[in-house]
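Just below is one structure, and these are the notes that go with it.
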Amino acid sequence: MKKFYLSCLLFAPVLMSAQTEIDGIMMSKNNFCVGSIYQYSSWNQYWEGSFKRENLNLGTVSTQSFGIMGNYGITDKLNILFNLPYVETKASAGTMEGQKGMQDLSVTVKYMPLEKTTGNATYSLYALGSFSTPVSNYSADYLPLSIGLQSKTAALRLMGDFQLGNFFSTLSGAYVKRTNINIDRNAYLTSEIHYTNEVNMPDVISVNFRTGYRSSRLIAEFVIDNWVTQSGGFDITTNNMPFPSNTMNALKYGVNSKYTFKKIPQLSLLGGYNYVVEGRNVGKSNTFYGGLFYVINFEKKNNQDEK
């Protein structure tokens, strides 16, 4: 079963949780998939270090985002993906106002160096390189209502995919390098006092596993995602606000789906849900998302132009 479907592969930045580029599908050569996705996430409990608690001064913290996303097939084995989200945050209690604005532009190069089919089974290997940068001057030192962390990131991910008939499993792991950021104060406290406005941002390791059903018209999958901060982070201190360089670990379970319309095969509907089952210095969030995407085949236009 050939695995080159005319489908959208979506890239999401760190603070988003929708379907991502890390699936075993490639966009065909000269095809461009573009669309928009809406996401809503909320929590009223969070982990202060390893202690799970509520904060009545915040109530329920919610985040909604609208993302413009796309994927272009340079070749059947090389894709470029982008994502630009608009994010808005809100707290249901207290006096802290939410933030809103454009967050970070993310670009990913996805390469499939190996695909081998034996009988009804297909094995694939992928390498992904990603980069993100803030596109607006939002405040990172305003957690948990900041829309981002203001850190530029670079990530390298390796991924393997196995498909037997219509059933598949995909496993990937990534190392995320984050640049330091500057905040609007001249001193801050972590595990010690720092007399500077520069904040050292710890790197992150991300591991993702997904399995389920995949055909040319329908994808339905169960996902486990683990985000682990490396050395350099620290815990939220008692009754204090979070800080950008906190250790932020999150283990998520979720489901994703994608349906391609039979009468309009260029049009796809996506939806999904995930929740944080275990974490450290993060909210115990529930996240829903949905979106529409359309595939434009530039190869057909090129052929017509040549005629």
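All of the numbers you see were taken from the coordinates with simple rules; none came from a lab. All values reported here derive from a predicted model rather than from experimental measurement. Cβ atoms come from the backbone with ideal geometry, glycine included; neighbour counts cover every protein chain shown.
Annotations for the structure displayed:
- Any chance Glu54 is within 25 Å of Ser245 (Cβ to Cβ), of a type outside the set (Lys, Arg), free of Cβ contacts under 8 Å to residues at least 24 places away in the same chain and surrounded by fewer than 17 Cβ atoms within 10 Å (Cβ to Cβ): yes
- Only one of the numbered conditions (1) closer than 24 Å to Ala155 by Cβ; (2) of a type outside the set (S, T, N, Q); (3) out of contact with any Leu (no Cβ under 8 Å at 6 or more places or on another chain); (4) part of a loop (DSSP other than H, G, I, E, B) is violated by Pro242, and that is (3).
- Within segment 102-115, being surrounded by 15 or more Cβ atoms within 10 Å (Cβ to Cβ) and in a strand (DSSP E or B) holds for Met102, Asp104, Leu105, Ser106, Val107, Thr108, Val109, Lys110, Tyr111, Met112, Glu115.
- Boolean, Gly254 is in contact with a Leu (Cβ under 8 Å, 6 or more places away or on another chain), assigned to a strand (DSSP E or B) and of a type outside the set (Ser, Thr, Tyr): no
- The condition of being touching a residue at least 24 places away in the same chain (Cβ under 8 Å), within 20 Å of the chain's Cα centre (by Cα) and under 18 Å from Gln45 (Cβ atoms) holds for only one of Gly279, Gly272, that being Gly279.
- Lys262 under 21 Å from the mean Cα position of the chain (by Cα) and of a type outside the set (A, V, I, L, M, F, W, C): no
- Within segment 71-100, the only residue that satisfies the criterion of being closer than 23 Å to Gln39 by Cα, surrounded by fewer than 17 Cβ atoms within 10 Å (Cβ to Cβ) and among the polar types (S, T, N, Q) is Ser92.
- Scanning segment 213-267 for residues that are among the charged types (D, E, K, R) and touching a residue at least 24 places away in the same chain (Cβ under 8 Å), we see that the one that is farthest from Phe293 (Cα to Cα) is Asp235.
- Qualifying positions in segment 185-232 - under 30 Å from Asn120 (Cβ atoms), assigned to a strand (DSSP E or B) and in contact with a Ser or Thr (Cβ under 8 Å, 6 or more places away or on another chain): Val207, Asn208, Phe209, Arg210, Thr211, Leu218, Ile219, Ala220, Glu221, Phe222, Asp225
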